[in-house]
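Here's the structure, in structure tokens; my notes come after.
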There are 2 protein chains.
Amino acid sequence: MTDPLFPPPSDKKELESSTAFTPRFDKDGLITAIVTDYDSGELLMVAHMNDEALAKTIATGSSYFWSRSRQELWHKGATSGTRQNVHEIRTDCDQDAIWLKVTVAGAGATCHTGMKACFYRTVELKDGKTRLVRDRIDPLFDSSDIYGNKT
Amino acid sequence: MTDPLFPPPSDKKELESSTAFTPRFDKDGLITAIVTDYDSGELLMVAHMNDEALAKTIATGSSYFWSRSRQELWHKGATSGTRQNVHEIRTDCDQDAIWLKVTVAGAGATCHTGMKACFYRTVELKDGKTRLVRDRIDPLFDSSDIYGNKT
């Protein structure tokens with residue numbers, strides 16, 4: 001199926017070395033998007049984009065994703081005010097992942113829980129069992145104030 | 001279906017706030033894995049893990065993934081020598097992504113193309129058209145020396 005917004009992926013060699021941007025969406029029409037902080041480099045979130053979300057992100061310089069849980073286009077920060085200003089977009093060798101370097105507006109929190117980043121817990125192994133250990137950092141906003149019962 | 005290696009995900013609130021590590025594999029049994037350089041923080045690669053890859057990574061401290069193209073467990077660096085020593089593992093709010101902070105052995109290249117990282121091209125928009133612009137950095141190894149015709 002030809003994507004209306006992006007040209008189709010070519011062969012492996014072309015994908016890796018050419019100057020043609022031919023993103024590879026998966027069978028659900030999605031591509032993985034990694035978001036890092038432009039200044040600190042910190043990993044903020046991982047989400048997914050469909051072709052429309054990717055095209056709108058490129059055209060507007062503000063991050064759009066596809067919400068798999070809500071099955072709708074998602075302008076990041078539209079509700080919470082924490083929009084992402086996109087400074088740079090990269091893709092990987094086989095063009096099946098997108099990397100956005102952003103600055104975050106509003107309260108500066110990327111995660112819907114109010115945390116600055118979504119990765120606020122480490123996985124630790126002790127006595128053969130895994131557990132999560134939470135960073136000793138407070139949320140930047142109270143998610144119930146922003147989303148009510150929607151989260 | 002109960003996963004034999006990890007406990008099943010619980011409800012949204014538990015996923016976000018508890019200390020139980022209950023990774024959410026997708027319908028293909030995979031979870032997204034983000035790999036960054038432990039020292040510099042640079043984004044090196046994005047890949048996928050099945051439950052076995054994740055369990056082996058946690059148990060051994062060396063990165064394992066699931067190769068979707070080869071449909072097999074993939075000990076990163078087993079062929080090229082560029083194994084990943086895992087310093088820290090994190091997960092995100094809804095436990096459907098894994099973040100590994102690693103140091104890379106051997107030639108220090110993470111990408112099979114020989115580049116240090118897979119994200120060696122930016123997406124640029126000019127006159128309404130996108131194109132890729134490659135970093136002016138040389139590969140750390142010649143991939144044909146390592147993989148022959150396998151890449």
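The values are calculated or read from the model by the stated rules, or taken from the named source; none is laboratory data. This structure is a prediction, so every number in the text was calculated from the model and none was measured. So basically every Cβ, Gly included, is an ideal-geometry build from the backbone, and we count neighbours across all protein chains shown.
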Among the residues of the stretch A:14-29, write down those that are facing chain B (nearest Cβ under 9 Å) and either on the phi > 0 side of the Ramachandran plot or without any contact (Cβ under 8 Å) to a residue 60 or more places away in the chain (or both). A:S17, A:S18, A:T19, A:A20
Looking at the structure I just gave you, is B:G106 surrounded by fewer than 17 Cβ atoms within 10 Å (Cβ to Cβ) and either at pLDDT below 95 or within 26 Å of A:A47 (Cβ to Cβ) (or both)? yes
Reported set for the stretch B:85-122 where residues are facing another protein chain (nearest Cβ under 8 Å), under 13 Å from the mean Cα position of the chain (by Cα) and free of Cβ contacts under 8 Å to residues at least 40 places away in the same chain is B:I89, B:R90, B:H112
Failed item in (1) surrounded by fewer than 19 Cβ atoms within 10 Å (Cβ to Cβ); (2) modelled with pLDDT under 95, with B:M115 passing the rest: (1)
How many residues, within the stretch A:8-64, are surrounded by 14 or more Cβ atoms within 10 Å (Cβ to Cβ), among the charged types (D, E, K, R) and closer than 17 Å to B:T130 by Cα? 5
Of the residues in the stretch B:60-81, those that are within 11 Å of another protein chain (Cβ to nearest Cβ) and at pLDDT 95 or above come to B:T60, B:G61
Selection within the stretch B:65-118 - among the hydroxyl-bearing types (S, T, Y) and farther than 28 Å from B:D135 by Cα: B:T91
Mind listing whichever residues of the stretch A:1-32 are out of contact with any helix residue (DSSP H, G or I) (no Cβ under 9 Å at 6 or more places or on another chain) and not in a loop (DSSP other than H, G, I, E, B)? A:K12, A:K13, A:E14, A:L15, A:E16, A:S17, A:T32
For the stretch A:30-46, enumerate the residues that are of a type in the set (A, V, I, L, M) and facing chain B (nearest Cβ under 9 Å). A:I34, A:L43, A:M45, A:V46
